[in-house]
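Engineer: One structure, pasted below without further comment.
Each reported figure results from applying straightforward, stated rules to the coordinates on display, with no laboratory input. Owing to the predicted nature of the structure, the values given are computational and were not obtained by experimental measurement. Virtual Cβ from ideal backbone geometry, glycine too; neighbours counted across all protein chains shown.
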């Protein structure tokens, strides 16, 4: 009888173990499935949290000056949105103006190229491309002048992107506003010793992220200004647009500097071989 009871007990324990394992596996796959279905929303929340982490130290500084959390959050948030919009306008407007100037300068560019001036002129003379350049110059000029039409149509298709941006802004604002409550609620789930340690690590991590972004922004400004000055000294056209391009591209980790350098160096080589080598 005792052996039978022990056998039944082992069978029941085995069944419970199998049930727990299968339940855990099912819960894991359901969680992965839900995350995959909600990946866009999760991505927006992660981006919003990233911006909230960057801006939160500024809000904390203002709250130490005896400003209410809501007022401090509003000030920092509006300043951040204004800075972002200003950077976008600063980049887009010169690109548009430079494109129009380039379209108007096509005949002069072709004339200089036909006379062998600049790197392009040398290549055109070497491969006898004068006639093709002359034939296609009006088409290129017209295409550049009409570039606004496709741009407008493209802008009409980015409604979902604008909605995503609005979502990120709203969630970032709410996270900044309720950051102390969110952090306290999370830490209350931990033991007092662990909560102190997690709070300290979180503060260090937030300062590191903010410092990294501030340093990256400073490096991008330096790269953009240096590019602009160098292009001006070398007499390369579109120095302002290229300087802005390098500054914005340099914000991207790892590949940003290369992405910014490629068109800058290419246009410098079009101006002259020496300018290309210098850049």
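Engineer: Name the residues of segment 175-204 whose amide N is less than 15 Å from a point 7 angstrom out from the Cα of residue 212 along the C-beta direction?
Structural biologist: Counting backbone N atoms under 15 Å from the label point, the list is 202-204.
Engineer: Another question about this same structure. Apply the a/c threshold of 1.5 to the C-alpha gyration tensor of segment 15-63 and tell me whether it is rounded, prolate or oblate. Spell out each step's value before the answer.
Structural biologist: Details: a/c = 8.32, a/b = 2.59, b/c = 3.22.
Oblate is the answer for segment 15-63, as a/c is 1.5 or above yet b/c matches or exceeds a/b.
Engineer: If I model a spin label as a point 7 Å beyond the Cα along the Cα-Cβ vector, how far apart are those points for residue 32 and residue 93 in nm?
Structural biologist: Taking the simple label geometry, residue 32 and residue 93 are separated by 5.1 nm.
Engineer: Right, next: If you take the beta carbon distance between residue 190 and residue 16 as r and set R0 to 25 Å, what does 1/(1 + (r/R0)^6) give as a FRET efficiency, to the nearest 0.05?
Structural biologist: Details: r = 29 Å, r/R0 = 1.17.
So, using R0 = 25 Å, E works out to roughly 0.30.
Engineer: Taking the Cα centre of each part, how many Å lie between segment 173-202 and segment 223-260?
Structural biologist: 41 Å
Engineer: If I model a spin label as a point 7 Å beyond the Cα along the Cα-Cβ vector, how far apart are those points for residue 181 and residue 266 in nm?
Structural biologist: Rounded to a tenth, the inter-label distance reads 5.1 nm.
Engineer: Can you compute the FRET efficiency between residue 40 and residue 259 using 1/(1 + (r/R0)^6), with r the Cβ-Cβ distance and R0 = 30 Å? Round to the nearest 0.05.
Structural biologist: Values: r = 25 Å, r/R0 = 0.85.
In this case the efficiency is close to 0.75.
Engineer: Calculate the spin-label point distance for residue 78 paired with residue 273, positioning each point 7 Å from the Cα along the beta-carbon direction, and give it in nanometres.
Structural biologist: 5.8 nm
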